[in-house]
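Let me begin by presenting the structure, written as structure tokens, before commenting on it.
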Amino acid sequence: MTGTDPLRRLLDAVLEADGTSLEEMAADAHLSPFHFQRTVRRRAGESPSAMRRRVRLEQAAWSLQGGTSVTDAAFAAGYDSVDGFSRAFRRAFGCAPSDLPARAERGHWLPAPNGIHFHSPTALYIDAGRPQEHSSGDVLMLLVQHDLDDIDALLSAADELPEQEYRAVRLHGSRPRGFDGPDETLAQVMRHLVLSREPWLASIAGEAEPDLSGPDDPAALAERHRRTAPRWLAMVRDVERRGAWQDAIVDALCDPPESFLLSQILAHELTFSAHRRQLTRWMLADAGVDLGAPPLDPDPILWHRRRTGETP
């Protein structure tokens, strides 16, 4: 695909090639077998054949958990026989294909040196409807959900401002994350608050680079936030459930591609989001907004009490 990161093109050749031999995968990437294998191993930490075999088994596990028969999963994964597939599956997952636990009990991913995994053909990590409530003992999810709810409240407050106030420069030279560009106006800060998670979600899902253009008025950003927030929450829930915070992804949207631990990604986002939410409050106050309303209080204790009905 034109414009795709070079690493992504290599991975496509490994995972989407019609043939299973090294020669056929290399031909799809328009490279010699020697150069193809050396490049994939150097950049992904895994040989092309091992990666393809692992991801195909992950795909088979995902299909089995969705009700696909062992026979159909075996042939879809490229195996010539059910017996051969069952042996490979048992070595990888520690159980026969017919004994694989349900998705609620175990995921379909196998250990990987590069964070490259099979994802369902539908949108990754999406939960239908509003995010679920979480136990008050789950501090990680409380922090994540408070962050997203607080952004909602700030967008609602900004929506009451005149256009000129929303776009007025209030903090010359403010640039919390250099690669994002300036955060000198409410419009810029709120845009970054809403859009910053989309590239991470795309990298984790192995999707193309997201389009971060479009309108940046509060109403449009609120609609975009409503689409992204459930994906972000579901991603965090899934990683937490699997205990996979030390897993790494190869972010093919970086140039050159760069590896990040999932724990680093979440800590990075929570840190800069908290900074920008407070920056937004300062700018709203400077624009004359009364921050005394309970939904605009930044304290997660009071937020949680309101959410659980302990306070009005």
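State yes or no: is residue 165 at pLDDT 95 or above, on the phi < 0 side of the Ramachandran plot and surrounded by 14 or more Cβ atoms within 10 Å (Cβ to Cβ)?
On the way: at pLDDT 95 or above: yes; on the phi < 0 side of the Ramachandran plot: yes; surrounded by 14 or more Cβ atoms within 10 Å (Cβ to Cβ): yes.
When the stated conditions are applied, residue 165 passes them.
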Problem - Of the criteria (1) without any contact (Cβ under 8 Å) to a residue 24 or more places away in the chain; (2) part of a loop (DSSP other than H, G, I, E, B); (3) closer than 30 Å to residue 157 by Cβ, which one residue 220 fails - result: (2)
Completion exercise
Just one listed residue, out of 134, 146, 108, is modelled with pLDDT of 90 or more and either farther than 23 Å from residue 220 by Cα or not small (Gly, Ala, Ser) (or both), and it is 146
Practice task
Just one of (1) within 21 Å of residue 116 (Cα to Cα); (2) among the basic types (Lys, Arg); (3) open to solvent by 50 Å² or more (accessible area, probe 1.4 Å) trips up residue 87, so point out which.
Solution key: (1)
Practice task
Run down 186, 195 and say which single residue is buried (at least 16 other Cβ atoms within 10 Å of the Cβ) and either touching a helix residue (DSSP H, G or I) at 6+ places or on another chain (Cβ under 7 Å) or among the hydroxyl-bearing types (Ser, Thr, Tyr) (or both).
Solution key: 186
Completion exercise
Given (1) in contact (Cβ under 8 Å) with a residue 40 or more places away in the chain; (2) open to solvent by 10 Å² or more (accessible area, probe 1.4 Å); (3) in a helix (DSSP H, G or I), residue 208 misses just (3)
Problem - Among (1) open to solvent by 50 Å² or more (accessible area, probe 1.4 Å); (2) part of a helix (DSSP H, G or I); (3) in contact (Cβ under 8 Å) with a residue 60 or more places away in the chain - the single one residue 264 does not satisfy - result: (3)
Handout entry: Output for the range 253-307, where each listed residue is modelled with pLDDT under 95, closer than 20 Å to residue 236 by Cβ and either β-branched (Val, Ile, Thr) or touching a Phe, Trp or Tyr at 6+ places or on another chain (Cβ under 6 Å) (or both)
Key = 262, 263, 265
Handout entry: Near pairs, Cβ below 6 angstrom, 6+ apart or cross-chain, from the range 81-103 (β-branched (Val, Ile, Thr)) to any residue that is surrounded by 12 or more Cβ atoms within 10 Å (Cβ to Cβ) and part of a helix (DSSP H, G or I)
Key = 82/71; 82/74
Exercise for the section: Only residues that are free of Cβ contacts under 8 Å to residues at least 24 places away in the same chain and open to solvent by less than 50 Å² (accessible area, probe 1.4 Å): list them for the range 35-55, please. Expected result: 47, 50
Handout entry: Looking only at the range 284-299, and only at residues there that are within 29 Å of the chain's Cα centre (by Cα) and open to solvent by less than 60 Å² (accessible area, probe 1.4 Å), the one that is farthest from residue 155 (Cα to Cα)
Key = 299
Fill in the blank from the handout: Reported set for the range 56-80 where residues are open to solvent by less than 30 Å² (accessible area, probe 1.4 Å) and hydroxyl-bearing (Ser, Thr, Tyr) is 63
Practice task
Please verify whether the range 184-202 includes one or more residues that are touching a His at 6+ places or on another chain (Cβ under 8 Å) and among the small types (Gly, Ala, Ser).
Solution key: no
Completion exercise
Checked the range 12-34 for anything assigned to a helix (DSSP H, G or I) and either open to solvent by 20 Å² or more (accessible area, probe 1.4 Å) or modelled with pLDDT of 70 or more (or both); matches are 12, 15, 16, 22, 23, 24, 25, 26, 27, 28, 33, 34
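The values are calculated or read from the model by the stated rules, or taken from the named source; none is laboratory data. None of these values were measured; they are calculated from a predicted model. Every residue, glycine among them, receives a Cβ derived from its backbone with ideal geometry; neighbour counts consider all protein chains shown. The area values use the complete protein model at the heavy-atom level, side chains included, leaving out ligands, DNA and RNA. Shrake-Rupley method; radii C 1.70, N 1.55, O 1.52, S 1.80 Å.
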